[in-house]
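The values are calculated or read from the model by the stated rules, or taken from the named source; none is laboratory data. This one's a predicted model, so the numbers in the text were calculated from it and none came from an experiment. Counting neighbours? That spans all protein chains shown, and the Cβs are built from the backbone with ideal geometry, glycine included. Remember, those area values only see protein heavy atoms, side chains included, never the ligands or the DNA or RNA. Shrake-Rupley method; radii C 1.70, N 1.55, O 1.52, S 1.80 Å.
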Amino acid sequence: MHANAPFALTLLALAGVGRLATAAGPPPTTTTTRPIVITVDDLPIAGPHDDLAERKEITERLLAALKKHHVPAVGFVTWKNLRSEKETELLAAWLAAGHELGNHTVRHLSLTTTPVEEWIADAEDARARLAAFVAPRGRKARFFRFPFLNEGDTLEKLDAVRAYLDKSGQRNLPVTLDDQDWSFEADWVKARKAGDAAEMSRIGEEYRSALRLAIRDQEARGDALFKRPLPQVLLLHANEVGAAQWDALFTWLETTGHRFATADEVLADPAFAEPHQIVARYGYGLWDRLDLKRRISKARDEVTALLTTQAGAWNRGDMAAFCSVYVDDALFLTPSGVTRGRQTILERYLKRYPDAAARGTLSVEILSVTPVHGVEITAFGDARPGRVQGVSVAARWTIAYTEKPPATGLTLLNLRPEAGSWQIVEDASM
Ligand SMILES: [Zn+2]
(Lines give C-alpha, C1' and ligand atoms only; values in the text may rest on other atoms or scores of the structure.)
Protein backbone atom coordinates (compact mmCIF):
# COMPACT_ATOMS: atom_id res chain seq x y z
CA MET A 1 0.00 0.00 0.00
CA HIS A 2 1.20 3.43 -0.77
CA ALA A 3 -0.72 5.99 1.05
CA ASN A 4 0.54 7.32 4.30
CA ALA A 5 -1.09 5.08 6.80
CA PRO A 6 -1.63 7.70 9.52
CA PHE A 7 -3.90 9.58 7.15
CA ALA A 8 -5.72 6.61 5.69
CA LEU A 9 -9.10 7.57 4.47
CA THR A 10 -12.17 5.84 5.76
CA LEU A 11 -15.18 5.51 3.56
CA LEU A 12 -17.09 7.78 5.90
CA ALA A 13 -14.50 10.51 5.43
CA LEU A 14 -15.21 10.44 1.72
CA ALA A 15 -18.23 12.60 2.39
CA GLY A 16 -15.69 15.44 2.44
CA VAL A 17 -14.54 14.70 -1.07
CA GLY A 18 -17.67 16.27 -2.51
CA ARG A 19 -16.40 19.70 -1.56
CA LEU A 20 -13.59 19.33 -4.07
CA ALA A 21 -15.94 18.69 -6.94
CA THR A 22 -16.38 22.38 -7.59
CA ALA A 23 -12.81 23.33 -6.65
CA ALA A 24 -11.50 20.85 -9.22
CA GLY A 25 -13.30 22.78 -11.96
CA PRO A 26 -14.77 21.43 -15.14
CA PRO A 27 -13.70 18.03 -16.48
CA PRO A 28 -10.53 17.97 -18.58
CA THR A 29 -11.03 18.82 -22.21
CA THR A 30 -11.51 15.87 -24.52
CA THR A 31 -9.79 17.60 -27.43
CA THR A 32 -6.28 16.76 -26.17
CA THR A 33 -4.97 13.25 -25.84
CA ARG A 34 -3.00 12.85 -22.69
CA PRO A 35 -0.68 9.84 -22.38
CA ILE A 36 -1.17 7.97 -19.11
CA VAL A 37 0.66 4.90 -17.88
CA ILE A 38 -1.19 2.57 -15.54
CA THR A 39 0.99 1.21 -12.74
CA VAL A 40 -0.20 -1.48 -10.36
CA ASP A 41 1.48 -1.94 -6.99
CA ASP A 42 1.83 -4.73 -4.46
CA LEU A 43 1.61 -7.67 -6.88
CA PRO A 44 0.57 -10.37 -6.95
CA ILE A 45 -2.41 -9.37 -4.75
CA ALA A 46 -2.89 -6.56 -2.25
CA GLY A 47 -5.75 -7.28 0.09
CA PRO A 48 -7.28 -9.79 2.47
CA HIS A 49 -7.28 -12.88 0.25
CA ASP A 50 -5.88 -16.21 1.42
CA ASP A 51 -7.25 -18.64 -1.10
CA LEU A 52 -5.05 -19.20 -4.16
CA ALA A 53 -8.07 -19.81 -6.41
CA GLU A 54 -9.52 -16.45 -5.32
CA ARG A 55 -6.16 -14.74 -5.89
CA LYS A 56 -5.98 -16.27 -9.37
CA GLU A 57 -9.48 -15.12 -10.17
CA ILE A 58 -8.75 -11.54 -9.07
CA THR A 59 -5.57 -11.56 -11.19
CA GLU A 60 -7.53 -12.78 -14.21
CA ARG A 61 -10.17 -10.07 -13.79
CA LEU A 62 -7.52 -7.34 -13.44
CA LEU A 63 -5.77 -8.59 -16.58
CA ALA A 64 -9.10 -8.80 -18.45
CA ALA A 65 -9.86 -5.13 -17.69
CA LEU A 66 -6.38 -4.12 -18.89
CA LYS A 67 -6.79 -6.20 -22.04
CA LYS A 68 -10.23 -4.81 -22.84
CA HIS A 69 -8.82 -1.28 -22.85
CA HIS A 70 -5.48 -2.15 -24.47
CA VAL A 71 -3.54 -0.95 -21.44
CA PRO A 72 0.21 -1.70 -21.31
CA ALA A 73 0.72 -1.72 -17.54
CA VAL A 74 3.71 -1.92 -15.25
CA GLY A 75 3.05 -4.19 -12.25
CA PHE A 76 5.27 -3.79 -9.20
CA VAL A 77 6.07 -6.97 -7.31
CA THR A 78 6.21 -7.01 -3.52
CA TRP A 79 7.75 -10.39 -2.78
CA LYS A 80 6.30 -10.71 0.72
CA ASN A 81 2.87 -10.67 -0.94
CA LEU A 82 3.57 -14.08 -2.51
CA ARG A 83 1.99 -16.65 -0.22
CA SER A 84 4.01 -19.49 -1.76
CA GLU A 85 6.46 -20.23 -4.57
CA LYS A 86 3.46 -21.36 -6.59
CA GLU A 87 2.26 -17.77 -6.76
CA THR A 88 4.96 -16.92 -9.28
CA GLU A 89 2.37 -18.22 -11.75
CA LEU A 90 0.31 -15.13 -10.94
CA LEU A 91 3.31 -12.99 -11.88
CA ALA A 92 3.87 -15.07 -15.01
CA ALA A 93 0.30 -14.27 -16.06
CA TRP A 94 1.12 -10.52 -16.04
CA LEU A 95 4.15 -11.14 -18.27
CA ALA A 96 2.19 -13.45 -20.57
CA ALA A 97 -0.41 -10.69 -21.00
CA GLY A 98 2.36 -8.38 -22.24
CA HIS A 99 2.80 -6.25 -19.10
CA GLU A 100 6.10 -5.34 -17.53
CA LEU A 101 7.08 -6.22 -13.97
CA GLY A 102 9.02 -3.82 -11.76
CA ASN A 103 10.65 -3.93 -8.34
CA HIS A 104 8.64 -2.93 -5.26
CA THR A 105 11.03 -4.57 -2.73
CA VAL A 106 10.55 -7.70 -0.62
CA ARG A 107 9.38 -6.35 2.72
CA HIS A 108 7.76 -3.08 1.62
CA LEU A 109 9.74 -1.08 4.18
CA SER A 110 9.33 2.65 4.60
CA LEU A 111 12.59 4.42 3.79
CA THR A 112 11.59 7.04 6.35
CA THR A 113 11.60 4.62 9.26
CA THR A 114 14.26 2.14 8.09
CA PRO A 115 18.06 2.49 8.20
CA VAL A 116 19.15 3.08 4.61
CA GLU A 117 21.54 0.09 4.49
CA GLU A 118 18.75 -2.28 5.57
CA TRP A 119 16.34 -0.70 3.10
CA ILE A 120 18.77 -0.99 0.18
CA ALA A 121 19.54 -4.62 1.06
CA ASP A 122 15.82 -5.39 0.89
CA ALA A 123 15.43 -3.57 -2.46
CA GLU A 124 18.44 -5.41 -3.87
CA ASP A 125 17.16 -8.78 -2.65
CA ALA A 126 13.91 -8.07 -4.53
CA ARG A 127 15.72 -6.86 -7.66
CA ALA A 128 17.76 -10.06 -7.80
CA ARG A 129 14.64 -12.21 -7.38
CA LEU A 130 12.76 -10.27 -10.04
CA ALA A 131 15.69 -10.35 -12.48
CA ALA A 132 16.00 -14.13 -12.00
CA PHE A 133 12.29 -14.51 -12.64
CA VAL A 134 11.93 -12.31 -15.73
CA ALA A 135 15.28 -13.03 -17.47
CA PRO A 136 14.37 -16.56 -18.63
CA ARG A 137 11.20 -14.98 -20.07
CA GLY A 138 13.25 -12.51 -22.10
CA ARG A 139 12.55 -9.49 -19.91
CA LYS A 140 14.52 -7.10 -17.74
CA ALA A 141 13.85 -5.62 -14.31
CA ARG A 142 14.05 -1.91 -15.17
CA PHE A 143 11.62 0.01 -13.02
CA PHE A 144 11.48 0.66 -9.31
CA ARG A 145 8.64 1.91 -7.12
CA PHE A 146 9.28 3.25 -3.61
CA PRO A 147 7.09 1.66 -0.91
CA PHE A 148 4.68 4.33 0.39
CA LEU A 149 6.35 6.63 -2.21
CA ASN A 150 8.88 7.51 0.51
CA GLU A 151 12.03 8.54 -1.37
CA GLY A 152 14.06 9.59 1.66
CA ASP A 153 13.61 11.93 4.59
CA THR A 154 17.26 13.06 4.59
CA LEU A 155 19.61 14.11 1.80
CA GLU A 156 21.94 11.28 2.81
CA LYS A 157 19.20 8.69 2.25
CA LEU A 158 18.07 10.34 -0.97
CA ASP A 159 21.60 10.30 -2.37
CA ALA A 160 22.39 6.76 -1.18
CA VAL A 161 19.23 5.31 -2.68
CA ARG A 162 19.61 7.18 -5.96
CA ALA A 163 23.20 5.93 -6.25
CA TYR A 164 21.99 2.37 -5.57
CA LEU A 165 19.24 2.57 -8.21
CA ASP A 166 21.67 4.02 -10.79
CA LYS A 167 24.31 1.41 -10.08
CA SER A 168 21.84 -1.46 -10.30
CA GLY A 169 20.23 -0.22 -13.53
CA GLN A 170 16.82 0.56 -12.04
CA ARG A 171 14.79 3.70 -12.69
CA ASN A 172 12.33 5.14 -10.24
CA LEU A 173 8.92 5.24 -11.90
CA PRO A 174 7.39 8.09 -9.90
CA VAL A 175 3.67 8.45 -9.30
CA THR A 176 1.99 11.64 -10.52
CA LEU A 177 -1.60 10.59 -9.78
CA ASP A 178 -1.64 9.37 -6.21
CA ASP A 179 -4.90 8.14 -4.74
CA GLN A 180 -6.35 5.95 -2.04
CA ASP A 181 -7.73 3.09 -4.14
CA TRP A 182 -6.37 0.56 -1.62
CA SER A 183 -8.47 2.03 1.19
CA PHE A 184 -11.69 0.64 -0.36
CA GLU A 185 -10.55 -2.97 -0.45
CA ALA A 186 -11.34 -4.16 3.10
CA ASP A 187 -14.90 -2.77 3.03
CA TRP A 188 -15.47 -4.09 -0.48
CA VAL A 189 -14.44 -7.63 0.51
CA LYS A 190 -16.57 -7.42 3.65
CA ALA A 191 -19.63 -6.36 1.66
CA ARG A 192 -19.05 -9.05 -0.96
CA LYS A 193 -18.74 -11.76 1.71
CA ALA A 194 -21.96 -10.50 3.28
CA GLY A 195 -23.67 -10.63 -0.12
CA ASP A 196 -24.59 -6.95 0.30
CA ALA A 197 -25.00 -5.82 -3.31
CA ALA A 198 -26.23 -2.35 -2.34
CA GLU A 199 -23.16 -1.76 -0.18
CA MET A 200 -20.87 -3.01 -2.95
CA SER A 201 -22.54 -0.66 -5.38
CA ARG A 202 -22.08 2.26 -2.98
CA ILE A 203 -18.40 1.44 -2.37
CA GLY A 204 -17.81 1.05 -6.11
CA GLU A 205 -19.34 4.47 -6.79
CA GLU A 206 -17.16 6.04 -4.07
CA TYR A 207 -14.04 4.31 -5.43
CA ARG A 208 -14.67 5.70 -8.92
CA SER A 209 -15.65 9.12 -7.61
CA ALA A 210 -12.56 9.37 -5.38
CA LEU A 211 -10.26 8.36 -8.24
CA ARG A 212 -11.86 10.78 -10.69
CA LEU A 213 -11.39 13.66 -8.26
CA ALA A 214 -7.82 12.67 -7.36
CA ILE A 215 -6.91 12.40 -11.05
CA ARG A 216 -8.51 15.73 -12.02
CA ASP A 217 -7.01 17.56 -9.07
CA GLN A 218 -3.45 16.32 -9.61
CA GLU A 219 -3.56 16.69 -13.38
CA ALA A 220 -4.64 20.30 -12.98
CA ARG A 221 -1.85 21.01 -10.49
CA GLY A 222 0.79 19.34 -12.67
CA ASP A 223 -0.41 21.19 -15.78
CA ALA A 224 -0.27 24.48 -13.87
CA LEU A 225 3.38 23.82 -12.96
CA PHE A 226 4.48 23.26 -16.54
CA LYS A 227 1.75 25.29 -18.27
CA ARG A 228 0.86 22.43 -20.60
CA PRO A 229 -0.97 19.10 -20.37
CA LEU A 230 1.45 16.59 -18.86
CA PRO A 231 1.60 12.84 -19.35
CA GLN A 232 0.71 11.03 -16.14
CA VAL A 233 1.53 7.97 -14.05
CA LEU A 234 -1.51 6.55 -12.25
CA LEU A 235 -1.08 4.43 -9.13
CA LEU A 236 -3.45 1.50 -8.66
CA HIS A 237 -3.24 -1.62 -6.53
CA ALA A 238 -3.83 -5.25 -7.43
CA ASN A 239 -6.98 -5.87 -5.43
CA GLU A 240 -10.53 -7.14 -5.68
CA VAL A 241 -12.28 -3.77 -5.68
CA GLY A 242 -10.03 -2.80 -8.60
CA ALA A 243 -10.98 -5.98 -10.43
CA ALA A 244 -14.59 -4.83 -10.25
CA GLN A 245 -14.02 -1.12 -10.97
CA TRP A 246 -11.17 -0.82 -13.47
CA ASP A 247 -13.34 -1.29 -16.55
CA ALA A 248 -15.46 1.75 -15.59
CA LEU A 249 -12.39 3.72 -14.51
CA PHE A 250 -10.58 3.04 -17.78
CA THR A 251 -13.69 3.95 -19.77
CA TRP A 252 -13.88 7.26 -17.92
CA LEU A 253 -10.17 7.91 -18.64
CA GLU A 254 -10.76 7.22 -22.34
CA THR A 255 -13.69 9.61 -22.49
CA THR A 256 -11.76 12.38 -20.73
CA GLY A 257 -8.91 12.70 -23.19
CA HIS A 258 -6.49 10.05 -21.96
CA ARG A 259 -4.57 7.57 -24.03
CA PHE A 260 -3.01 4.52 -22.40
CA ALA A 261 0.74 4.68 -22.97
CA THR A 262 3.88 2.82 -22.03
CA ALA A 263 6.12 3.89 -19.16
CA ASP A 264 8.87 4.61 -21.70
CA GLU A 265 6.69 7.08 -23.59
CA VAL A 266 5.54 8.88 -20.47
CA LEU A 267 9.02 9.03 -18.90
CA ALA A 268 10.44 10.51 -22.12
CA ASP A 269 8.60 13.75 -21.33
CA PRO A 270 11.09 16.38 -20.03
CA ALA A 271 8.93 16.95 -16.94
CA PHE A 272 10.20 13.61 -15.66
CA ALA A 273 13.83 14.64 -16.13
CA GLU A 274 13.68 17.72 -13.93
CA PRO A 275 16.07 17.16 -11.04
CA HIS A 276 15.01 17.77 -7.45
CA GLN A 277 16.38 17.19 -3.99
CA ILE A 278 13.11 17.17 -2.07
CA VAL A 279 13.41 15.22 1.15
CA ALA A 280 10.23 14.38 3.03
CA ARG A 281 8.92 12.05 5.68
CA TYR A 282 5.85 11.38 3.55
CA GLY A 283 5.23 9.87 0.16
CA TYR A 284 4.61 12.78 -2.18
CA GLY A 285 3.82 12.40 -5.86
CA LEU A 286 6.19 13.90 -8.42
CA TRP A 287 4.15 17.06 -9.10
CA ASP A 288 4.02 17.79 -5.36
CA ARG A 289 7.81 17.44 -5.17
CA LEU A 290 8.41 19.73 -8.14
CA ASP A 291 5.86 22.24 -6.86
CA LEU A 292 7.60 22.31 -3.48
CA LYS A 293 10.95 22.76 -5.20
CA ARG A 294 9.60 25.87 -6.97
CA ARG A 295 8.08 27.28 -3.80
CA ILE A 296 11.34 26.82 -1.89
CA SER A 297 13.32 28.41 -4.71
CA LYS A 298 10.89 31.35 -4.86
CA ALA A 299 11.12 31.90 -1.10
CA ARG A 300 14.94 31.87 -1.31
CA ASP A 301 14.93 34.41 -4.15
CA GLU A 302 12.46 36.69 -2.39
CA VAL A 303 14.33 36.70 0.91
CA THR A 304 17.67 37.27 -0.84
CA ALA A 305 16.16 40.21 -2.72
CA LEU A 306 14.68 41.58 0.52
CA LEU A 307 18.07 41.64 2.26
CA THR A 308 19.62 43.41 -0.73
CA THR A 309 16.84 46.03 -0.61
CA GLN A 310 17.38 46.40 3.13
CA ALA A 311 21.11 47.04 2.66
CA GLY A 312 20.21 49.64 0.02
CA ALA A 313 17.96 51.44 2.52
CA TRP A 314 20.77 51.45 5.12
CA ASN A 315 23.27 52.83 2.64
CA ARG A 316 21.06 55.75 1.63
CA GLY A 317 20.41 56.52 5.29
CA ASP A 318 16.73 55.54 5.29
CA MET A 319 16.68 53.74 8.63
CA ALA A 320 12.85 53.71 8.76
CA ALA A 321 12.80 51.74 5.50
CA PHE A 322 15.60 49.53 6.81
CA CYS A 323 13.47 48.66 9.86
CA SER A 324 10.16 48.40 7.99
CA VAL A 325 10.80 44.70 7.31
CA TYR A 326 10.59 43.89 11.03
CA VAL A 327 7.19 42.80 12.36
CA ASP A 328 5.61 45.06 14.98
CA ASP A 329 6.74 42.88 17.87
CA ALA A 330 10.05 41.68 16.38
CA LEU A 331 12.69 40.32 18.72
CA PHE A 332 16.24 41.63 18.22
CA LEU A 333 19.13 40.02 20.10
CA THR A 334 22.66 41.40 20.18
CA PRO A 335 25.62 40.84 22.52
CA SER A 336 24.54 44.01 24.36
CA GLY A 337 20.98 42.91 25.04
CA VAL A 338 17.42 42.24 23.94
CA THR A 339 15.33 44.75 21.99
CA ARG A 340 11.62 44.21 21.37
CA GLY A 341 9.43 45.84 18.76
CA ARG A 342 10.10 47.53 15.44
CA GLN A 343 9.91 51.07 16.83
CA THR A 344 12.42 50.31 19.61
CA ILE A 345 14.72 48.59 17.12
CA LEU A 346 14.56 51.69 14.88
CA GLU A 347 15.34 53.99 17.82
CA ARG A 348 18.31 51.80 18.76
CA TYR A 349 19.70 51.97 15.21
CA LEU A 350 19.20 55.76 14.98
CA LYS A 351 21.07 56.20 18.26
CA ARG A 352 23.99 53.93 17.35
CA TYR A 353 24.24 55.00 13.71
CA PRO A 354 23.24 58.69 13.73
CA ASP A 355 24.98 59.79 10.52
CA ALA A 356 26.61 58.60 7.31
CA ALA A 357 30.03 58.33 8.95
CA ALA A 358 28.66 55.97 11.60
CA ARG A 359 26.52 53.97 9.15
CA GLY A 360 29.35 53.30 6.68
CA THR A 361 28.43 50.96 3.82
CA LEU A 362 26.50 47.81 4.71
CA SER A 363 26.78 44.60 2.74
CA VAL A 364 25.22 41.25 3.55
CA GLU A 365 26.64 37.90 2.47
CA ILE A 366 24.04 35.15 2.74
CA LEU A 367 25.47 31.91 4.14
CA SER A 368 22.32 29.79 4.09
CA VAL A 369 18.60 30.13 3.46
CA THR A 370 16.44 27.40 4.95
CA PRO A 371 12.74 27.45 4.14
CA VAL A 372 10.41 25.87 6.67
CA HIS A 373 7.42 23.94 5.38
CA GLY A 374 5.00 21.47 6.86
CA VAL A 375 2.54 18.89 5.63
CA GLU A 376 -1.08 19.29 4.63
CA ILE A 377 -3.60 16.47 4.49
CA THR A 378 -5.83 16.48 1.45
CA ALA A 379 -9.51 15.63 1.48
CA PHE A 380 -8.40 12.29 0.00
CA GLY A 381 -6.33 11.57 3.11
CA ASP A 382 -3.00 12.00 1.33
CA ALA A 383 -0.09 13.95 2.73
CA ARG A 384 0.95 16.88 0.55
CA PRO A 385 3.68 19.48 1.10
CA GLY A 386 2.32 22.53 2.89
CA ARG A 387 3.13 26.10 1.91
CA VAL A 388 6.48 27.60 2.92
CA GLN A 389 5.65 28.99 6.35
CA GLY A 390 8.95 30.61 7.18
CA VAL A 391 12.55 31.10 6.19
CA SER A 392 15.63 31.04 8.36
CA VAL A 393 18.63 32.97 7.03
CA ALA A 394 22.22 32.86 8.26
CA ALA A 395 24.32 35.75 6.96
CA ARG A 396 27.51 37.72 7.49
CA TRP A 397 27.07 41.50 7.71
CA THR A 398 29.92 43.90 7.03
CA ILE A 399 30.01 47.67 7.48
CA ALA A 400 32.84 49.27 5.52
CA TYR A 401 34.25 52.65 6.53
CA THR A 402 36.50 55.00 4.62
CA GLU A 403 38.48 56.10 7.70
CA LYS A 404 38.73 52.89 9.73
CA PRO A 405 38.73 49.11 9.40
CA PRO A 406 35.38 47.42 8.64
CA ALA A 407 33.10 45.98 11.31
CA THR A 408 31.72 42.53 10.59
CA GLY A 409 29.61 39.91 12.30
CA LEU A 410 27.02 37.20 11.89
CA THR A 411 23.25 37.25 11.99
CA LEU A 412 20.48 34.69 12.13
CA LEU A 413 17.12 35.91 10.88
CA ASN A 414 13.74 34.22 11.08
CA LEU A 415 11.27 35.54 8.54
CA ARG A 416 7.64 34.76 7.86
CA PRO A 417 5.38 35.62 4.95
CA GLU A 418 3.19 38.65 5.71
CA ALA A 419 0.74 40.15 3.22
CA GLY A 420 2.59 39.03 0.13
CA SER A 421 6.09 39.84 1.33
CA TRP A 422 8.54 38.67 3.99
CA GLN A 423 9.07 40.13 7.43
CA ILE A 424 11.69 39.56 10.09
CA VAL A 425 10.26 38.06 13.25
CA GLU A 426 13.54 37.39 15.05
CA ASP A 427 17.02 38.76 14.47
CA ALA A 428 20.03 37.49 16.41
CA SER A 429 23.07 39.54 15.40
CA MET A 430 26.55 39.26 16.77
ZN1 LIG B 1 3.14 -0.63 -2.24
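Data for the structure
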read-out	value
Residue list for the stretch 189-221, filter: more than 25 Å from residue 45 (Cα to Cα) and touching a strand residue (DSSP E or B) at 6+ places or on another chain (Cβ under 7 Å)	218, 219
Answer from 356, 321 - the residue that is over 18 Å from residue 409 (Cα atoms), open to solvent by 60 Å² or more (accessible area, probe 1.4 Å) and out of contact with any Lys or Arg (no Cβ under 6 Å at 6 or more places or on another chain)	356
Among residues of the stretch 105-124, those that are within 15 Å of the ligand (Cβ to nearest atom) and either in contact with a Ser or Thr (Cβ under 8 Å, 6 or more places away or on another chain) or touching a residue at least 12 places away in the same chain (Cβ under 8 Å) (or both), counted	11
Pair list, Cβ under 9 Å, 6 or more apart: the stretch 133-161 residue in contact (Cβ under 8 Å) with a residue 24 or more places away in the chain and under 20 Å from residue 99 (Cα atoms), other residue away from the ligand (no atom under 16 Å from the Cβ) and aromatic (Phe, Trp, Tyr)	139/133; 141/133
Residue match in the stretch 140-149 (condition: of a type outside the set (Ser, Thr, Tyr), at pLDDT 95 or above and more than 19 Å from residue 77 (Cβ to Cβ))	no
Residue list for the stretch 363-377, restricted to those being over 17 Å from residue 428 (Cβ atoms) and open to solvent by less than 40 Å² (accessible area, probe 1.4 Å)	371, 374
Filter result for the condition that a residue is open to solvent by 30 Å² or more (accessible area, probe 1.4 Å) and under 30 Å from residue 160 (Cβ atoms), over 121, 93, 126, 97	121
Index of the failed condition, residue 100 passing every other in (1) over 17 Å from residue 144 (Cα atoms); (2) acidic (Asp, Glu); (3) touching a Lys or Arg at 6+ places or on another chain (Cβ under 9 Å)	(1)
Positions within the stretch 289-318 being within 24 Å of residue 397 (Cβ to Cβ), surrounded by fewer than 19 Cβ atoms within 10 Å (Cβ to Cβ) and touching a Lys or Arg at 6+ places or on another chain (Cβ under 8 Å), in sequence order	315, 317
Counted residues, the stretch 245-255 - those being open to solvent by less than 10 Å² (accessible area, probe 1.4 Å) and either in contact with a His (Cβ under 7 Å, 6 or more places away or on another chain) or more than 22 Å from residue 199 (Cβ to Cβ) (or both)	2
Residue tally, condition open to solvent by less than 10 Å² (accessible area, probe 1.4 Å) and at pLDDT 95 or above, over the stretch 268-288	2
Output for the stretch 204-244, where each listed residue is more than 27 Å from residue 270 (Cβ to Cβ), open to solvent by 10 Å² or more (accessible area, probe 1.4 Å) and of a type in the set (S, T, N, Q)	209
Subset of the stretch 91-135 [of a type in the set (D, E, K, R) and in a strand (DSSP E or B)]	100
Any pair with Cβ under 7 angstrom, 6 or more apart, that starts in the stretch 201-213 at a residue that is hydroxyl-bearing (Ser, Thr, Tyr) and ends at one that is part of a helix (DSSP H, G or I) and open to solvent by less than 50 Å² (accessible area, probe 1.4 Å)	207/181; 207/184; 207/241; 207/245; 209/17
The stretch 52-86, residues that are within 14 Å of the ligand (Cβ to nearest atom), open to solvent by less than 10 Å² (accessible area, probe 1.4 Å) and either assigned to a helix (DSSP H, G or I) or within 25 Å of residue 258 (Cα to Cα) (or both)	74, 75, 76
Of all residues in the stretch 35-51 being surrounded by fewer than 19 Cβ atoms within 10 Å (Cβ to Cβ) and over 16 Å from residue 80 (Cβ atoms), the one that is modelled with the highest pLDDT	35
Helices (runs of 4 or more DSSP H) contained in the stretch 229-329 and holding at least 2 residues within 16 Å of the ligand (Cβ to nearest atom) and closer than 30 Å to residue 143 by Cα	240-255
Search result, residues across the stretch 181-198 that are away from the ligand (no atom under 16 Å from the Cβ), open to solvent by less than 60 Å² (accessible area, probe 1.4 Å) and of a type in the set (Asp, Glu)	187
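Listed here are the residues, each with its yes/no results for (1) more than 16 Å from the ligand (Cβ to nearest atom); (2) closer than 25 Å to residue 88 by Cα; (3) in a loop (DSSP other than H, G, I, E, B).
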site: 141; (1), (2), (3): yes, yes, yes
site: 152; (1), (2), (3): yes, no, yes
site: 156; (1), (2), (3): yes, no, no
site: 159; (1), (2), (3): yes, no, no
site: 166; (1), (2), (3): yes, no, no
site: 175; (1), (2), (3): no, no, yes
site: 179; (1), (2), (3): no, no, yes
